[in-house]
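To start, the structure itself, in structure tokens.
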Amino acid sequence: MGSLFRSESMCLAQLFLQSGSAYECLSALGEAGLVQFRDLNQNVSSFQRKFVGEVKRCEELERILVYLVQEITRADIPLPEGEASPPAPPLKQVLEMQEQLQKLEVELREVTKNKEKLRKNLLELIEYTHMLRVTRTFVRRNVEFEPTYEEFPSLENDSLLDYSCMHRLGAKLGFISGLIHQGKVEAFEKMLWRVCKGYTIVTYAELDEALEDPETGEVIKWYVFLISFWGEQIGHKVKKICDCYHCHLYPYPNTAEERKEIQEGLSTRIQDLYTVLHKTEDYLRQVLCKAAESVYSRVVQVKKMKAIYHMLNMCSFDVTNKCLIAEVWCPEADLPGLRRALEQGSRESGAAIPSFMNTIPTKETPPTLIRTNRFTEGFQSIVDAYGVGSYREVNPALFTIITFPFLFAVMFGDLGHGFVMFLFALLLVLYENHPRLKQSQEIMRMFFHGRYILLLMGLFSVYTGLVYNDCFSKSMNIFGSGWNVSAMYSSSHEAKEQESMVLWNDTVVRSNRVLQLNPSVPGVFRGPYPFGIDPIWNLATNRLTFLNSFKMKMSVILGITHMTFGVILGIFNHLHFRKKFNIYLVTIPELLFMLCIFGYLIFMIVYKWLIYSAANSRDAPSILIEFINMFLFPTADTRGLYTGQKHVQKLLLIVTALSVPVLLLGKPLFLLWLHNGRGCFGMNRSGYTLVRKDSEEEVSLLGSHDIEQGNSQGEDGCREMTCEEFNFGEILMTQVIHSIEYCLGCISNTASYLRLWALSLAHAQLSDVLWAMLLRVGLRVDTTMGVLLLLPVMALFAVLTIFILLVMEGLSAFLHAIRLHWVEFQNKFYTGAGTKFIPFSFSLLSSKFNGDDTVA
Amino acid sequence: MLESAELYFNVDHGYLEGLVRGCKASLLTQQDYINLVQCETLEDLKIHLQTTAYGNFLANQTNPLTVSKIDTEMRKKLCQEVSYFRNHSLEPLSSFFTYMTCSYMIDNVILLMNGALQKKSVKEILPKCHPLGRFTEMEAVNIADTTSDLFNAVLVETPLAPFFQDCMSENTLDELNIELLRNKLYKSYLEAFYKFCKDHGDVTAEVMCPILQFEADRRAFIITLNSFGTELSKEDRETLFPTCGQLYPEGLRLLAQAEDFDQMKRVADLYGVYKPLFEAVGGNGGKTLEDVFYEHEVQMNVLAFNRQFHYGVFYAYVKLKEQEMRNIVWIAECISQRHRTKINSYIPIL
């Protein structure tokens, strides 16, 4: 718990890494994940750094690995994953690994290239066979449709395409045939027509099978065409056009025998190609299988190596170039671990001189580290979403663990809904190690990360539900109601009593629609319900009036307590940062201001609850009026809650009024006084000198360190904070703004807590409406029909309950609870101006294959 | 168009305008250029470009890296972006895009014809063509022997067809004729584009017209400059000048008569816009006329982003991106040829 209250104390450490063992040391550090590196070469652009070559090599390896993974997944070979993460490869192995990978890549590329070539060949042959098959039907068709040619009557029964006939004509008849993309046919034909001016005959038919395009690998529809033309000139043009449209041209057999021959030849070649292709594929698969065994660990190894070089790039060299100097932030508690890691690294590399570290004092603000576990993680992230805490500041997450679910539950008070939410969260918690939950979708993952928050929210809702006595908008009569209706009847009382009280008899009950129970009648109210709200209120028509008064007052009390708590937490900050004067000059006036106004309001609320009973409640004054009158100094006589109220209120007002100028001017004036030679009041002096001495020590330490380092003066320039100049005007302005914000905030924030009441009211009403509109309708139908009707009604009720009341209302209550924490609670003490401690850790590298590494 | 056109602009083109503005914001900054100039090798350049919006567009390139590889990849990237814009555009923005690509198509056609003249195969030249101006019929360009052939057979169905009306001739296509054809095509293209923008009206006209006017005038100047000492007659020269610029008509007539650079300068001095440009030539850093024109163009294109609800941003973005690519190529050339003295004469995009 102590670690959650404040962030861990950090120290700046300098690591002297022998250049021989730097890599191993960083590898050990990365496995341990203890330190955050600072960039010492900020003004050096990324490609002028020391280890760019190595980073490039890693990138080259990564490229090969990506290629390998791509090929392996394409071949549908399972990638063995889940192996414990292998350490970064030792430097000696890197070269070997690189060679292996490069060899593998070359081999793979060659084999795949061969395979592609074979495939392409095969495809072409297949296309050719298809073409031959289809064009044969062209010829037949020609025969059928053009049986007579007027000029050549002798051809009547001959094939038009018989070559010998053409020779007789003296003109050379040429054929070009091939395949063309389906989409290009029309444009192709048009251009042919335009260029050749109709001296060609184009026949084409769609291929019924879709074939793969050898170039793009797309499966598309093709057209087979046959162009017949006269003359060589046109032939050239036709060829060019075919090229332009990327047609696949194949020689056209002139005679039937030739065609048959070619077809036979083709089929045997296709057979051959198939077998060769199979063999190549088998071989490829073997190679890939072998590669797949080690590829996962290789990927992890290369990622780690790259991360190490990125970190090394942040180090600076010392003058002798023999060792690297790194500056790291390290939690003080982890210093022994850091030393061990360095030792381990030096040992592994077998370096003669061990790498070592020393801590250096610094005035810079270290990063914030708050160690969390599964349970506290979610709450911490709620706080971090507002702002990462300043170094060593009080961490509100600790208190958020309880206050957040509680404030949520105040708005979400329903036993049934809370229980459903609790069950859901419990399921998530029980199965939190289930792999499917970890890799779930975005929304589900969100729920999963907040499972412990949900769990507590559910539990607290059950509790507030019990207090409100609400379970799916119905009340539960567990202990028996404290009210007794029969006592209101005149028959149960003696005649003497009957005269003094308004009692009921049969006619009264019959004639009135609404009757009021009178708690002052003996026997009607038999003492309060042991826990929560009396269930009888669920039947009352004035239930809302009663609950509103209760919930409103409750939210004001809760809100003021919450805010006061926040202000008190500020004291811990001031004590820790050795600014005691802030307590006297800021926190105490703030507290007085808050308590004298709103603390008094709470007092009045509680006082009125205690003093007035059913008997004298008619005389009770309104708190609102009393409260307003407190500021107006009423001349008219008011009844007042207690005697001497006027004087008490006056005193409180004076205290409030006095605390405002102290808040406004106290701190600036004090600082001004300190600055101008700090007068001679002995009281404050001791505290101040303590601060002063401490910082002087630090400064002197820093100075001696710099002298030791000698050369590092220039580099460390950034470490020395510029001495802040005293600017009275600025301090005054900040303080004035702060105090005005605080004083106004007290009022507006208190009003803001009324959302607790509003939302809980809305929730109760909504669930009531759902019950009245759905389930009650279902329950009213008579028994025979009712069973049939109740089933769908019940289902609808369940669905609406989950989606509207649990998810939607839950989200809105969640948001409001977050707001109450971020704005109303945390602005009382929390700065949230820190930076998060991000250690150099291999576990933060994404373990997925194609993810980017987070460290770089 | 109605004044309320701005009201409805976002309905059709708001998404694309948002996209293009985002793209413009990712152009290289001054700091990027300073870093690029410091690079020692092309590998360094690649590493630095990775940190910019280019991302790892060179990741799949095998070593060694060359300037032309960088250039091709950059062009490919631009082409992807523009085709995305184009595919998502509605009329009249899509015809605006067609007009934009026409200039690249003209360049490609001319390049292919020149190649055919030198008996190079189409496959050899294709990679050199600008991917933005690619179209299917392009590869068949070398079928034609004359301009009318070219028009009738190949280009009649492309967006280039309307620009051919002035340059139909039966002359065989030799080098000079091709050059003339290019300039004539460009002239009618620019005029048509200008007319399109003008007819569209609205902010688009206000932004695009000055840019196109400048483009036209620049062409006129360049044509004049290139025709000194060639056999091109003055009358022919005048027919090549696009007539949509500020120089039209008086300036063009004077330019047609100019015989050397000084005379040309004297013509430019008559115009407030061009006077300072010509004075900057040869000034500090030995700028050429081309550089000066580029600088002015960049300035105009950057200004186009100051107004909203118009198509000019798309044109301006492509032009700026092209300038950026020229800059990178220039820097890369300087690095690879170890010619560092001139490395700083890229044209900064403000």
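The values are calculated or read from the model by the stated rules, or taken from the named source; none is laboratory data. Keep in mind the model is a prediction, meaning the values are calculated, not measured. We place every Cβ from the backbone using ideal geometry, glycine too, and count neighbours over all the protein chains shown. Side chains are part of the model used for accessible areas, which takes the heavy atoms of the whole protein and leaves out ligands, DNA and RNA. Shrake-Rupley method; radii C 1.70, N 1.55, O 1.52, S 1.80 Å.
Given axes a ≥ b ≥ c from the Cα gyration tensor, I'd like to know whether segment B:122-256 is rounded (a/c under 1.5), prolate (a/b larger than b/c) or oblate.
Oblate, because a/c is 1.5 or more while a/b does not exceed b/c.
Mind ranking A:H310, A:H130 by accessible surface for me, highest first, 1.4 Å probe?
Reading off the accessible areas and sorting them downward yields A:H310, A:H130.
Specify the longest stretch of chain A that does not include any exposed loop site, a site being one of the GluC sites (Glu not before Pro) with a non-H, G, I, E, B DSSP assignment and at most 14 other Cβ atoms within 10 Å.
Between the exposed loop sites, the longest stretch runs A:495-719.
Along the Cα-to-Cβ line of A:L774, 7 Å from the Cα, sits a label point; which residues in segment A:457-473 have backbone N less than 15 Å from it?
A:472-473, by backbone N distance to the label point.
Would you work out if segment B:1-337 is rounded, prolate or oblate? Take a ≥ b ≥ c from the square roots of the eigenvalues of the alpha-carbon gyration tensor; rounded if a/c is under 1.5, else prolate when a/b is larger than b/c, oblate otherwise.
Taking the square roots of the gyration eigenvalues as a ≥ b ≥ c, segment B:1-337 is rounded.
So, in Å, what gap is there between the alpha-carbon centers of segment B:177-206 and segment A:442-471?
Spelled out, the Cα-based centre of one part sits 68 Å from the other.
Given a Förster radius of 60 Å and the C-beta distance between A:E264 and B:D166 as r, what FRET efficiency does 1/(1 + (r/R0)^6) yield to the nearest 0.05?
0.55
Work out the mean other chain Cβ neighbour count within 10 Å for the residues of A:267-275 and drop it here as an integer.
The mean count of partner-chain Cβ atoms within 10 Å per residue comes to 0.
Please give, to one decimal in nm, the separation of the simple spin-label points placed at A:V509 and A:L744, each 7 Å out from Cα toward the Cβ.
So the two model labels end up 6.0 nm from each other.
State, as an integer percentage, the relative contact order of segment A:725-832 based on alpha-carbon contacts under 8 Å between residues 6 or more apart.
30
Count, for each residue of A:108-119, the Cβ atoms from other chains sitting within 10 Å of its Cβ, then give me the mean as a whole number.
0
How large is the charge dipole for chain A, taken about the Cα centre, if only the Cβ atoms of Lys, Arg (+1) and Asp, Glu (-1) carry charge, to the nearest 20 debye?
Roughly 2440 debye for chain A.
List, by residue number, every residue in segment A:237-264 with a reduction of 50 Å² or greater in accessible area between the chain on its own and the complete protein assembly, 1.4 Å probe.
With the partner chains in place, segment A:237-264 has these residues losing at least 50 Å²: A:K240, A:C244.
Distance from the Cα centre of segment A:216-244 to that of segment A:770-825, in angstrom?
Each part's Cα centre sits 70 Å from the other's.
Run the 1.4 Å probe and let me know the accessible area of B:Y271, rounded to the nearest 10 Å².
Roll a 1.4 Å probe over it and B:Y271 shows about 40 Å².
Students often forget the sequence filter, so: which lysines lie under 29 Å Cα-Cα from B:K234 once same-chain residues fewer than 8 apart are removed?
B:K184, B:K187, B:K195, B:K265, B:K275, B:K287
Working with all protein chains in place, sort A:W504, A:W222 by solvent-accessible area computed with a 1.4 Å probe, largest first.
A:W504, A:W222
Can you spot the lysines whose alpha carbon is less than 18 Å from B:K77's alpha carbon? Ignore those fewer than 8 places along the same chain.
B:K24, B:K46, B:K69, B:K128, B:K319, B:K321
Using 0.36 nm per residue, how much length does the chain from A:A614 to A:I838 gain when fully extended, once their Cα-Cα distance is taken away?
Value of the extension gain: 74.4 nm.
Please tell me the relative contact order of chain B in percent, rounded to the nearest whole number, where contacts are Cα pairs under 8 Å and at least six residues apart.
20
Might you report the magnitude of the Cβ-based charge dipole of segment B:1-337 about its Cα centre, with Lys and Arg at +1 and Asp and Glu at -1, to the nearest 20 debye?
600
Set Lys and Arg Cβ to +1 and Asp and Glu Cβ to -1, take the dipole of the protein assembly as shown about its Cα centre, and tell me which of A:S622, B:L225, A:A22 lies farthest positive.
Of the candidates, A:S622 comes out farthest on the positive side.
Please identify which residues in segment A:391-420 have an amide N closer than 20 Å to a label point set 7 Å out from the Cα of A:F375, following the Cα→Cβ vector.
A:395-409
If you average over every viewing direction, what projected area does the convex hull of the Cα atoms of chain A give, in nm²?
Across all orientations, chain A yields a mean hull projection of 66.0 nm².
Would you mind giving the mean number of other chain beta-carbons within 10 Å of the Cβ of each residue in B:153-159, as a whole number?
Mean partner-chain Cβ count within 10 Å for B:153-159: 3.
Using only Cα atoms, locate the centre of segment A:257-330 and the centre of segment A:47-123, then give the distance between them in Å, rounded to an integer.
That distance is 2 Å.
What distance in nm separates the two pseudo spin-label positions at A:E209 and A:I402, each 7 Å out from Cα along the beta-carbon direction?
Taking the simple label geometry, A:E209 and A:I402 are separated by 7.8 nm.
Mind grabbing the accessible area of A:I654 for me, 1.4 Å probe, Å², rounded to tens?
100
Which whole-number value in Å² is the accessible area per residue of the protein assembly as shown, probe 1.4 Å?
So the protein assembly as shown comes to 52 Å² accessible per residue, rounded to a whole number.
Run lengths n ≥ 4 of DSSP H only: what is the helix-derived mean residue ellipticity at 222 nm for the protein assembly as shown, with -39500 (n - 2.57) per run over all residues, to the nearest 500?
-19000 deg cm²/dmol
Using protein chains only and a probe of 1.4 angstrom, how many square angstrom of A:S617 are accessible, to the nearest 10?
Accessible area, nearest 10 Å²: 60 Å².
Set the Förster distance to 25 Å, then compute FRET efficiency between A:I353 and A:K92 from the Cβ-Cβ distance, nearest 0.05.
The value I calculate is 0.80.
Roughly what angle does helix A:256-312 make with the longest principal axis of chain A, taking Cα atoms, 0 to 90 degrees, to the nearest 10?
Between helix and principal axis, roughly 30 degrees.
Which residues make up the longest stretch of chain B clear of GluC sites (Glu not before Pro) that lie in a DSSP loop with no more than 16 other Cβ atoms within 10 Å, not counting the sites?
Longest run free of exposed loop sites: B:41-156.
What translational diffusion coefficient, to the nearest whole µm²/s, does segment B:27-101 have by Stokes-Einstein, given a Kirkwood radius computed over alpha-carbon pairs, a temperature of 10 °C and 1.306 mPa s viscosity?
112
Please work out whether segment B:189-295 counts as rounded, prolate or oblate from its C-alpha gyration tensor, where a ≥ b ≥ c are the square roots of the eigenvalues and a/c under 1.5 means rounded, while otherwise a/b larger than b/c means prolate and anything else oblate?
Verdict is oblate for segment B:189-295.
Rank these residues by their accessible area, most exposed first, probe 1.4 Å: A:L426, B:L232, A:L324.
Largest accessible area first, the list is A:L426, B:L232, A:L324.
State, in square angstrom and to the nearest 100, the accessible area buried between chains B and A, both chains counted, probe radius 1.4 Å.
1700
Work out, step by step, the length gained on full extension between A:I126 and A:N676: first 0.36 nm times the residue separation, then minus their alpha carbon distance; give nm to one decimal.
Contour length minus Cα-Cα distance gives 188.2 nm.
Charges on Cβ only, +1 for Lys and Arg, -1 for Asp and Glu, centred on the Cα centroid of the protein assembly as shown; of B:L255, B:V298, B:G115, which one is farthest towards the dipole's positive end?
The one lying farthest along the dipole's positive direction is B:V298.
For segment A:455-467, in order, what is each residue's ³J(HN,Hα) by Karplus, 6.51 cos²θ - 1.76 cosθ + 1.60 with θ = phi - 60°, in whole Hz (x at glycine and Pro)?
4, 5, 4, x, 4, 5, 5, 4, 5, 5, x, 5, 5
Using a 1.4 Å probe on protein heavy atoms, which residues of segment B:38-59 have at least 50 Å² less accessible area in the complex than alone?
B:I47
How much of the accessible area of the protein assembly as shown, in percent, comes from carbon and sulfur atoms when a 1.4 Å probe is used?
Its accessible area is 58 percent carbon and sulfur atoms.
Picking from B:M208, B:N152, B:I328, whose Cα lies most toward the positive end of the charge dipole for segment B:1-337 (charges on Cβ: Lys, Arg +1; Asp, Glu -1)?
Positive-end residue among those listed: B:I328.
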